[in-house]
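A.B. asks: One structure coming up, written as structure tokens, with questions to follow.
Only the coordinates and a few stated rules stand behind these numbers; no lab work does. Model, not experiment: these values are computed from the prediction. So basically every Cβ, Gly included, is an ideal-geometry build from the backbone, and we count neighbours across all protein chains shown.
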Amino acid sequence: MQVIQRLPIHLSNQIAAGEVVQRPASVVKELLENAIDAGAAEIVVHIKDGGRTLISITDNGSGMQPDDALLCFERHATSKISVIDDLFKLSTMGFRGEALASIGAVAQVDLKTRTQAQHTGIQIRFHAGKIVQKEEIICAKGTSIEVKNLFFNIPARRNFLKSDGIEFHHIEDAFLCIALAHPEVAFVLRQNNQPIYNLEISNLKKRVSDVLGKGGSDKLFPISSETDIVTIHGYLGKPETARKTRGNQYFFVNRRFFKSSYFHHAVQSAFEGLIPEKTFPSYYIFFEIDPSKIDVNIHPTKTEIKFDEERFIYTLLHSTIRQSLGKFNLMPSLDFEIETAFDLPPSFRNQPINAPVIRVDPNYNPFQQESKVGKAYSSAIHQQGFSSTPQNEEEWSALYQIIEPPKGDISLFNDHDGLGKDFLVVGKFIFIPVRLGLMVIDIKRALERVLYDESISAFVKQPLPVQPLLFPLEKQMENQELRILKMHQKVFEQLGFKIEIREDFLIIEGVPAMLQEEGIMACIDTMMERMEYQDQHQEDLAHLLMAALVKNAARYHKFANNSEIQLIIDKLFRSKDFQQSPNNESIISTLDLNHITLLFK
Ligand code: ADP
Ligand code: MG
């Protein structure tokens, strides 16, 4: 008996759909690419309920003739490729002819389209891979596609979707990847009838700053560089705008978004010494390159791309950024002179070069967040443009500062009384003699654990106590950050923050009582970082945020006296997780006889 059968078409489309359509954002990406390929000058996107109820995309591009419109939902139906050679010189976004067939297989799709040449258009209703209705209609030139009830016929998939907020976040990402690369096209994005973006036709600089929100253009500086191999241009955020959240980092090759940790490293290292550690500059960088010199992974959802001349491009990118930083007076002179030794791209050769100015932020304290002395030293050197050995008194004193342990961490007490009854305090460590040897406790981490345990259970029931601020703090936010904030405003309040969003400003009117003033901004940054792209369940998020809060609370806590320390130690040992801080760092270590014997070898 024959056992091999062909899969029915609708089933094989459903399987293929699993690859192309992972979530609502993938639908948005594919439909936007089609609209761009159709030469649209304006594209309007409307989303309902994170895309699960409705994704509607309307463009004023070429439209389709009725015959094409009927064909376009078939697998491998594409107008964009006819000979295999075309694959290597693609200038269009899509070419596999798979997207519409896949989307059609897992949703209810309504297509309306008309070309310039025709008076009437056609409407086609598509239901789980089958045409259920078609009729002649009056409609505008272009194409409008409504995708309703995504995954309605695959419940497992539908249940797998995250909250509307998270799905919308992914949609916004997909939207921005395309809108940023096509400033000559107007874009509108709406969710549940609320306008989110309204981007008019413009140039790249304006597009980027429109996306950033108010005051965006002041935050940017341009780069550009031309060689035979590759052309690089784009905009980067000035060093002072670097953030802890990794949000606005975009690479495009031939206007196609891609990810590259290798090139990311080139950018990050170009900013070395100019931005605090663990912060990220934003960037919008475009590469133009002969398509035969790259390998576009034709897998629909992969965004990695292989470049033949990867190392050259890395070096060029790095030096292009360094040059611009120098040219726009954004870094100390020393580095600038070294970098100009690199072969200058033609566009820079004949330009007068401004005398670079050294800008040192007097408030920036490289030791504040450093724990490792070596790192602090090297960043001090970068920060101040020092050469390898200190030359004068000022430089020596900078060095001296780090040989002496950094302040803030060392003085745990207000009264400087280091000796307790049963323990000894040295720096942030508590030494306790025990039967096996010497127990060492990191008191800040101990405090994190205690605060965490006390707050996490209370927090589920009612908001944590708020400490109103005498003078509210303000922080200007970028569009995407605002959205993250709004999405999680409730959680912030639950944690004891009293915040308000006014236009593009975050106003902080009150903070959790456990938090010291110095820790507020860092705490909010870390929390935002954890909220961004969090795909966890809410409980995990609550844990991550609480862990961030207690970390920043403990960091600046001043212990009043030894009894307070004693109390924390007592509470610590009552916790079932006394070994590990909520941020997964170890709290306790015991030096036993073996350790100690080794020290005397
Ligand atoms: P691909 O984009 O890979 O060709 P799709 O399944 O995305 O495959 O689309 C199939 C075909 O439908 C396209 O090649 C194009 O001819 C047509 N098409 C899709 N969307 C549009 C649109 N918005 N405007 C005009 N034609 C479109
Ligand atoms: Mg396509």
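A.B. asks: Which residue, 313, 294, 325, has the largest displacement toward the positive end of the dipole of the range 205-327 when charges sit on each Cβ (Lys, Arg +1; Asp, Glu -1)?
C.D. replies: 325
A.B. asks: D for the range 447-548, whole µm²/s, Stokes-Einstein with Kirkwood Rh over alpha-carbon pairs at 20 °C and 1.002 mPa s: what number?
C.D. replies: My calculation gives 155 µm²/s for D.
A.B. asks: How big is the range 205-327 in terms of Cα radius of gyration and Dmax, in angstroms?
C.D. replies: Here Rg and the maximum Cα pair distance are 14.1, 40 Å.
A.B. asks: Pick out, from 261, 245, 279, the residue whose Cα sits farthest towards the positive end of the charge dipole of the range 186-279, with +1 on the Cβ of Lys and Arg and -1 on the Cβ of Asp and Glu.
C.D. replies: Farthest towards the positive pole: 245.
A.B. asks: If packing is taken as the mean number of other Cβ atoms within 10 Å per residue, what is the order of 179-186, 307-314, highest first?
C.D. replies: So the order, starting with the most tightly packed, is 179-186, 307-314.
A.B. asks: Per-residue counts of other Cβ atoms within 10 Å, averaged by peptide: what ranking do you get for 541-551, 148-158, 63-73, highest first?
C.D. replies: Descending mean neighbour count gives 541-551, 63-73, 148-158.
A.B. asks: When ranked by the protection proxy of mean other Cβ atoms within 10 Å per residue, highest first, what sequence do the peptides 425-432, 236-243 form?
C.D. replies: 236-243, 425-432
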